[in-house]
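**Q** Let me give you the structure first, and then I'll get to my questions.
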Amino acid sequence: MICLGIESTAHTFGCGIVDDKGTVLANVKDAYVTEKGGINPKYAKIHHDNVKDKVVEDALNIAKLGLKDIDLVSFSQGPGIGPCLWVGLHKAVEIAKKNNIPIVGVNHCIAHLEIGKLKTKAKDPVLLYTSGANTQVIAYEAGKYRIFGETLDQGIGNFIDAFARHIGLGFPGGPKIEKLALEGKNYIEIPYVVKGMDVSFSGILTNLKRKFDSKNYKTEDICFSLQETVFAMMVEVAERAMAHCGKKELVLGGGVACNKRLQEMCKVMCKERDAKFFVPENQFLIDNGAMIGWLGILQRKQATKNYKKMHIRPYERTDEVKVDW
Ligand code: AMP
Ligand code: MG
């Protein structure tokens, strides 16, 4: 069985083609980027509309397949930005209808976890999911994927991007902040906000903006301190989830997980508690169609030809998803 998966929750329109053995035959994406400013939903939607046909066509060409070879279509139904999700839904329905094949809507966060498992061979991990809009610690317990900790306000990536924007860097800011942080030598005290199993970034953002505006600190030192602090918060919560669930594996997911310093801190934590640490390659960390295709394969029993039933779910939570695979 071959599944074509479509991702369009936020900045990225992606198409992945995956077979039921877990072989990724194609993983093509086109991301909305800006010189200045963050994601504007209206322009992100226009971007997706402009690239969707070519992204799907390129994926089919890379996989050396025609539409007739596709048995199943899956799409990210949420959580995500409404107008962006609509583009993915419509493209997915268009393909499924044309081929008269079943379609299934899947959860974006669980897709990050499942592609992490597929690519790293982790069996029953805790997922530290650090992306633009989402920041969650997820694990499978008692029949569902449950959220053990999460951000109380913005996602860690959006937080980093917002600070990057404030200091004049475009979107995405994460890689630029990572580069600047490498030049930082002095740790500056900034708030460390863990509340129970949850984290919060908005107060830290205000604090960092004030520090930058005061001109009393080197930008590189601020970036260094930002990373050290918020990554330590994430590692703390992930470790506590592992201890609570008695799990011995940690998998990373989400674009922020491309950050080498975050990876290093997670690795050290896992080593200290005799757990295994896994990180898939970058193309499967950031938003991508392959993870949607793979989750489509896993959820194939839920697929339908009742195309009218298909919907987006911008606020869907991981524990609302029926896990029957
Ligand atoms: P996603 O939403 O999972 O595709 O991830 C996008 C987010 O990842 C954006 O907020 C980026 O700024 C962030 N990001 C990408 N690469 C890095 C990096 N090397 N360090 C920190 N954040 C990053
Ligand atoms: Mg994501």
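**Q** Hey, what did the chain get for relative contact order, percent, Cα under 8 Å, at least 6 apart? Intermediate results must be reported in sequence, preceding the final value.
**A** Values: 742 pairs, mean separation 87.8, N = 325.
Relative CO of the chain lands at 27 percent.
**Q** Provide, for segment 224-325, the number of lysine pairs with alpha carbons under 13 Å apart, each pair being eight or more places apart or on different chains.
**A** 6
**Q** Right, another one. Determine the relative contact order of segment 1-82: mean sequence separation of Cα pairs under 8 Å and six or more apart, normalised by residue count, in whole percent.
**A** Relative contact order for segment 1-82 comes out at 40 percent.
**Q** Please arrange Trp86, Trp294 by accessible surface area, largest first, computed with a 1.4 Å probe and ligands excluded. Before the final figure, lay out each step's value.
**A** Working: Trp86 100, Trp294 30 Å².
Largest accessible area first, the residues go Trp86, Trp294.
**Q** In addition: Only helical DSSP H runs with n ≥ 4 go in: add -39500 (n - 2.57) per run for the chain, normalise by residue count and round the 222 nm mean residue ellipticity to 500 deg cm²/dmol.
**A** -14000 deg cm²/dmol
**Q** So, one more: Show Ser202, Ser131 ordered by accessible area, largest first, where the area counts protein heavy atoms only and the probe is 1.4 Å. Write down the numbers at each step before the final one.
**A** Values: Ser202 55, Ser131 5 Å².
My answer, sorted largest first, is Ser202, Ser131.
**Q** Over 22 Å between Cα atoms, which of Lys36/Lys209; Lys54/Lys117; Lys123/Lys179; Lys185/Lys211 qualify?
**A** Cα-Cα > 22 Å for Lys54/Lys117; Lys123/Lys179; rest within.
**Q** Once fully extended, how much extra length lies between Asp53 and Asn100, figured as 0.36 nm per residue of separation less the alpha-carbon to alpha-carbon distance? Display every interim value, and only then the final one.
**A** Values: separation 47, 0.36 × 47 = 16.92 nm, distance 1.86 nm.
So the chain would gain 15.1 nm between Asp53 and Asn100.
**Q** Using Cα positions and a limit of under 14 Å, work out the aspartates and glutamates in reach of Lys52, with same-chain residues fewer than 8 apart set aside.
**A** Reachable aspartates and glutamates: Glu7, Asp30, Glu94.
**Q** Using Cα atoms only, what is the angle between the long axis of helix 41-63 and the major principal axis of the chain, expressed in degrees (0 to 90) to the nearest 10?
**A** Result, in degrees: 60.
**Q** Measure nothing fancy, just the Cα-based angle from helix 156-166's long axis to the longest principal axis of the chain, in degrees from 0 to 90, nearest 10.
**A** So the helix axis and the longest Cα principal axis differ by about 60 degrees.
**Q** Out of segment 236-313, which GluC sites (Glu not before Pro) are coil in DSSP terms and have no more than 15 other C-beta atoms within 10 Å?
**A** Glu281
**Q** Which whole-number percent is the relative contact order of segment 83-202 (Cα, under 8 Å, 6+ apart)? Mind dumping the intermediate values first?
**A** Details: 126 pairs, mean separation 20.5, N = 120.
That works out to 17 percent.
**Q** While we're on this one: Counting Lys +1, Arg +1, Asp -1, Glu -1, what net charge surrounds Lys52 among other residues with beta carbon under 12 Å of its beta carbon?
**A** Net charge around Lys52: -3.
**Q** Give the residues of segment 68-103 whose amide nitrogen is closer than 14 Å to a point set 7 Å from the Cα of Glu320 in the direction of its Cβ.
**A** Answer for segment 68-103: 77-82.
**Q** Shifting gears a bit: At 0.36 nm per residue, and after removing the present C-alpha to C-alpha distance, how many nm does the segment from Glu272 to Met197 gain when stretched out fully? Provide the component values of the computation, followed by the final result.
**A** Numbers: separation 75, 0.36 × 75 = 27.00 nm, distance 2.02 nm.
Full extension of this stretch gives 25.0 nm more.
**Q** For segment 83-168, what does the alpha-carbon gyration tensor say about shape, rounded, prolate or oblate, given a ≥ b ≥ c as the root eigenvalues, a/c under 1.5 as rounded, and a/b over b/c as prolate?
**A** Oblate shape, in that a/c is at least 1.5 and b/c is the bigger or equal ratio.
**Q** Report the extension gain between Lys308 and Tyr43 in nm, rounded to one decimal, defined as 0.36 nm multiplied by the number of residues separating them, less their alpha carbon distance.
**A** 92.7 nm
**Q** If you don't mind, there's one more thing I want to ask. Net charge within 12 Å of Leu152 by Cβ-Cβ distance, Lys/Arg positive one each and Asp/Glu negative one each, not counting Leu152 itself?
**A** That works out to -2.
**Q** Suppose accessible area is computed on protein heavy atoms with a 1.4 Å probe; arrange Ile46, Ile177 from highest to lowest. Please report the intermediate quantities before stating the final value.
**A** Numbers: Ile46 75, Ile177 0 Å².
In descending accessible area the options line up as Ile46, Ile177.
**Q** While we're here: Where the centre of each part is set by its Cα atoms, how far does segment 256-275 sit from segment 24-40, in angstrom?
**A** Centre-to-centre (Cα) distance: 26 Å.
**Q** Roughly how many Å is it from the Cα centre of segment 146-201 to that of segment 56-99, as a whole number?
**A** Going from one Cα centre to the other spans 32 Å.
The values are calculated or read from the model by the stated rules, or taken from the named source; none is laboratory data. Keep in mind that what you see is a predicted model, and the values were worked out from it rather than measured. Quick reminder, even Gly has a Cβ in these numbers, built from the backbone with ideal geometry, and neighbours come from all protein chains shown. Note: areas computed on protein heavy atoms with side chains; ligands, DNA, RNA excluded. Shrake-Rupley method; radii C 1.70, N 1.55, O 1.52, S 1.80 Å.
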